[in-house]
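Since every read-out is calculated from the coordinates, none of them should be taken as a lab result. These figures come from a predicted structure and were not determined experimentally. Here the Cβ positions follow ideal geometry from the backbone for every residue, glycine too, while neighbour counts run over all protein chains shown.
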Amino acid sequence: MRQIASKIASFVAAAVLLSIASAGLLLAQQAPPAAAAPPAGAGAGGRGGAPPPPFRIMSPDMVDGSLLPQQFTCAAGTEAVSPPLQWMNAPRGTRSFALIVHDMEPRPQKKLDDILHWMVWNIPATATKFPQGVPSNTADLPDGSHQTNGNPGQSGITGYLPPCPPQNVPLPHHYVFDMFALDTKVDLPETATRADLMKVMDGHILGHDSLVVPFNR
């Protein structure tokens, strides 16, 4: 009898162990898989980390929204010069830059274009700044870029045309320094207009930033 009871007890114990093991296996199969760890450097949303810093244009002598210093305007007479400019964080794939400086207020003949004061294209992709006083008497600059101002050659000025709004007008004009990063170089003649440059840039703009400075006399 003792042997029979012992065998029964062993059988019951084995059955209990088998039942526990089966239950554990079932729970393991029903549990959701652990979330995979994001790859190194991946940021929120799995987009490969933080976005690159934005493309920026600035000047050590001008502050966005503040008055344009007089040495860069017709108020300085023949001593007027172009302001120093700096830009940074060019987008990947940039092959050239283009600069357009224009007065937002006037609308000659009620058209879309306003007054162009300076336009430079095919600025090298390696460039990061313009010094103060870029030569204004030539269309071809030493770095290989080209410039115009909408009235090239007038008063011997082909490049930067100092802002000169009407006198004694209380509301200032706003002068915009638009800098574009392009994925190409553009082919334009020296007589190119702002519309010409905008047309060939269309579809090639990788980055854009503006510096706006008001001025009145």
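Which stretch or stretches of region 66-99 have amide N atoms under 17 Å from the point lying 7 Å from residue 184's Cα along the Cα→Cβ direction? Flagged as within label range: 93-99. Taken along the Cα-to-beta-carbon direction at a fixed 7 Å, the label points for residue 89 and residue 168 span 4.6 nm.
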